[in-house]
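Written out below as structure tokens is the structure these notes cover.
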Amino acid sequence: MTAAGVREPRGARRGQGALASGPLPARTAGALRLVWLHLVSRRVPAALAGLAACAAGMRAGLAWGWVQGSGAGAQQVPLLLEAGTASVIAVTTYSPFGEPERATGRWLPWLRLGISVALTGAAIGMLAAGAAAARLPDGTLAIVRNVAGITGIGLLSAAIIGGALAWIAPMAYTVVAEFALLEGWTTPWTWPGRPPHDRGAAICAAVVFAAGVAVVTARGGRDWVHADGGGAG
Amino acid sequence: MTTASLSLRSRRRSWAGAGRLLRLEFRRSTMIWVLPLLAVAFWFDAYHFADANPPVWYLRASELPNHLLRDFSAFAAGVAAWTGTRDSRRRTLDMVMPTPRPGWARLGAAWAATTGWVLAAYLACVAVLYGVTAVQATWGGPPWWPVTVCAAGLVAVSAIGFLAGVLVPGRFTAPLTAVITLLLSSAIRSASPYAMLWPTTNASTTNTGGLPLTPSDAGVFHHYLPDLPIAQTMFLAGIGLAALGVLGLSRVAGGGRRLRAAAVVVTVAGLAAAGTAAGLTGTARQGAYGVVIPALHDAASDRPIPYPPACDHDGAVLVCMHPAYRAYLADVTGALGPVLREVAGLPGAPVRVDQAATDVLASATSGALSAEAGSVLGGSPPAFRFPMPSFPPGAAGHAQLAEDLQEDLMVAFVNDARLLPPGAQPAGGVPAQETVEWVLLQPFDPWAEQDVAAGPDSDTASPAVAAAARRFGALPAAARHSWLAAHLGALRAGRVSLGQLP
């Protein structure tokens with residue numbers, strides 16, 4: 001048996017080449033290579049493309065009149081796109097390596113933390129950019145709160161049901177939140193239905209985001225797909 | 001043993017194998033784990049909205065495309081896409097490609113299991129909704145077309161999602177498919193008739209003219225028109241079939257020349273069905289009681305449904321409603337009673353009140369208060385005919401119903417300028433009409449000023465109208481009554497100015 005057929009992660013060679021050719025010290029180059037390989041293994045470049053697609057959807061929605069007025073109905077499309085970005089972020093927690101990576105990856109928690117926070121920031125930035133120069137109901141503050149909170153739900157579900165299926169929980173929460181929007185619920189746990197300056201809603205969203213990031217940082221997405229030799233579906 | 005018996009045994013074994021494969025897929029389907037979420041979505045969304053409606057069959061059934069299909073389609077598409085990525089995700093494609101069973105059948109079994117679970121959950125939710133409605137409804141039976149359309153919609157989105165998973169296998173395929181499906185349901189606000197092909201557009205939005213595509217009392221006074229549901233079912237089934245056909249043509253489906261030929265036939269048949277449905281929908285026009293597609297329209301559907309009215313009395317005035325709304329007869333009689341007593345004895349005062357069908361064309365072109373308004377006072381002896389307005393559930397809803405009915409009756413009695421067709425120039429006596437309406441409604445409607453006398457951009461009446469209302473309202477009831485008896489004709493014709501009011 002030879003190692004000729006072993007596949008390398010997409011982009012690994014590119015990253016290696018770029019780092020090796022530069023004047024960086026070996027330790028820094030190694031760290032950067034580790035980060036790059038981790039990003040590639042989590043499909044972060046594709047995730048950024050997905051986030052950009054959601055931002056483009058926001059821009060299109062505002063331009064083509066999918067978001068009209070300031071009522072509950074007008075918040076549905078932005079909420080869906082916010083849930084879409086949260087789903088994409090949650091799915092990046094899926095690891096293709098499982099136990100071997102956990103056993104050897106000393107920097108893994110920091111990498112997970114960095115990816116979760118950076119992607120959430122990128123999602124907020126991209127959606128805000130998509131909504132720029134147009135009147136979005138509830139404004140950018142609501143984007144920050146909703147994306148962070150729903151991403152927290154996605155990260156928590158990644159820790160429970162696995163990263164690959166973690167998109168389901170943000171979708172389910174969105175359905176309930178839409179109902180809360182239409183029915184005028186006042187509980188802060190359905191934060192998309194609350195005004196952007198509502199302190200209780202912001203605290204709830206922040207707590208859920210912090211919990212999601214903490215759990216994913218410490219444990220990562222659940223690896224049951226590998227544990228049972230294939231997983232469902 | 002003959003060749004024929006061998007062939008029969010082989011065919012039986014093949015079917016048994018297919019059944020076993022399907023059973024395995026059903027037992028291993030990811031959708032099983034999503035069923036509790038579907039139940040939660042149904043309870044929070046579709047069931048609560050349906051329960052808020054009066055127990056009238058079509059009204060309740062309209063929540064199926066509006067909410068249930070919307071929620072379920074996101075999960076159906078997402079989980080189907082996830083299932084479609086399976087071979088790629090597990091890197092088992094090379095192992096399953098050489099198996100004797102064609103890839104199309106293998107993939108089809110996985111898709112069928114996912115779709116089967118979604119449909120089972122959907123039908124269970126329909127059973128709950130219809131079961132509750134059957135207990136509460138006082139007339140009619142369950143409409144099956146909304147159920148059929150939504151089932152076809154779920155099959156279509158599931159097939160498209162599965163195809164997306166097979167063709168573009170990636171970890172982001174499933175979430176993005178789910179989001180796009182939800183966006184499709186929320187964002188389509190097109191004036192094009194082709195937008196009606198997706199059922200949630202039909203249920204949740206209106207077309208260019210601002211008309212509801214189907215009146216809220218469809219299936220009560222007139223038959224629920226199946227024209228659009230037939231076209232929608234044909235379109236969605238065609239799209240689903242075409243997606244499955246394309247699946248058979250994909251590289252991962254494998255198969256020989258015969259299977260590919262069959263896949264081509266299925267794809268073409270699906271596209272033909274979808275194209276035909278789209279062509280038919282392009283000829284659709286808005287009818288008084290729903291969307292009419294000439295090629296699919298049955299003239300028998302236009303005939304009204306006979307019914308024995310449910311009646312009650314308020315003094316000498318008979319109030320009759322459709323038996324489907326029997327539960328609201330006491331509310332309607334109680335709401336109209338004070339207005340009927342106020343105008344009793346005046347020329348043109350109604351001696352009978354009848355609930356009428358909502359005619360979406362007439363109510364929109366008459367310039368009435370809303371698309372559902374269309375109340376008429378006329379005939380000999382005079383009768384007030386009103387379509388049932390929409391109202392929210394609970395005590396607040398009952399109060400709003402009473403307020404709307406009182407206002408409709410008063411507007412019809414005074415022949416308010418709001419009953420004029422759009423573009424018609426009102427006579428100069430509109431402020432006097434508004435003043436009389438306000439004064440007559442004020443004793444039992446605290447919002448009368450805002451509803452009938454306020455300007456378009458204000459919650460209060462103009463100072464001149466307010467002064468005239470104070471003057472007219474200060475008169476004893478008998479004096480007001482005798483002035484109205486003498487001047488009602490001129491007031492209705494718009495020939496009374498504010499200064500001429502006593």
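Results, tabulated for the structure shown:
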item	result
Radius 10 Å from Cβ of B:Asn53, net charge of other residues (Lys, Arg +1; Asp, Glu -1)	-1
Other protein chain Cβ atoms within 10 Å, averaged over every residue that makes up A:149-162	0
Of the DSSP H helices in chain B, those whose Cα atoms cover at least 18 Å axially and whose Kyte score averages 0.0 or more	B:70-84, B:103-136, B:145-167, B:173-187, B:227-249, B:257-282, B:329-343, B:394-414, B:477-492
Carbon + sulfur, % of accessible area of segment A:43-232 - ligands and nucleic acids excluded, 1.4 Å	66 percent
B:Ser462, A:Ser157, reordered so the largest accessible area comes first (probe 1.4 Å)	B:Ser462, A:Ser157
Accessible area buried between chains A and B, both sides summed, probe 1.4 Å, in Å² to nearest 100	3100 Å²
Charge context of B:Ala464, other residues only, Cβ under 12 angstrom, K/R +1, D/E -1	+1
Residue mean of other protein chain beta carbons inside 10 Å, B:33-43	3
Residue-level accessible surface for B:Ile239, protein heavy atoms, 1.4 Å, Å²	50 Å²
Listed peptides B:273-280, B:350-357 by packing density, highest first (mean Cβ within 10 Å)	B:350-357, B:273-280
Projected label distance in nm at B:Ala344 and B:Ser250, using a 7 Å step from Cα toward the beta-carbon	7.4 nm
Theoretical ellipticity at 222 nm over the protein assembly as shown - DSSP helices of four or more residues, -39500 (n - 2.57) apiece, nearest 500	-19500 deg cm²/dmol
Apportionment of accessible area to carbon and sulfur, chain B, percent (1.4 Å)	63 percent
Cα centroid of segment B:227-292 to Cα centroid of segment B:297-353, whole Å	46 Å
Residue-span extension gain [B:Ala396 to B:Ala134] - 0.36 nm each, minus C-alpha spacing	91.8 nm
Peptide A:54-62, shielding by other chains (average Cβ, 10 Å cutoff)	1
Computed FRET value (nearest 0.05) for B:Val430 with B:His481, which takes r as the C-beta separation and R₀ as 25 Å	0.65
Residues along segment B:141-183 losing 40 Å² or more of accessible surface when the other protein chains are present rather than the chain by itself (probe 1.4 Å)	B:Arg171, B:Phe172, B:Pro175, B:Leu176, B:Val179, B:Leu182, B:Leu183
Centre separation in Å (Cα based) which lies between segment B:92-162 and segment A:44-113	28 Å
FRET efficiency estimate (nearest 0.05) - Cβ-Cβ, B:Leu93 to B:Ala278, R0 51 angstrom	0.90
Distance between segment B:454-493 and segment B:66-90 - C-alpha centres, whole angstrom	62 Å
Estimated inter-spin distance, B:Ala16 and B:Ser497, nm [label 7 Å along Cα→Cβ]	9.9 nm
Candidate residues B:Val149, B:Val155: accessible-area rank, largest first, probe 1.4 Å	B:Val155, B:Val149
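The values are calculated or read from the model by the stated rules, or taken from the named source; none is laboratory data. In this text, all values refer to a predicted model and were calculated from it rather than measured experimentally. Ideal geometry is used to build each Cβ from the backbone, glycine not excepted, and the neighbour counts take in all protein chains shown. Ligands, DNA and RNA are stripped out before the accessible areas are found, and what is left, the full protein with its side chains, is counted by its heavy atoms. Shrake-Rupley method; radii C 1.70, N 1.55, O 1.52, S 1.80 Å.
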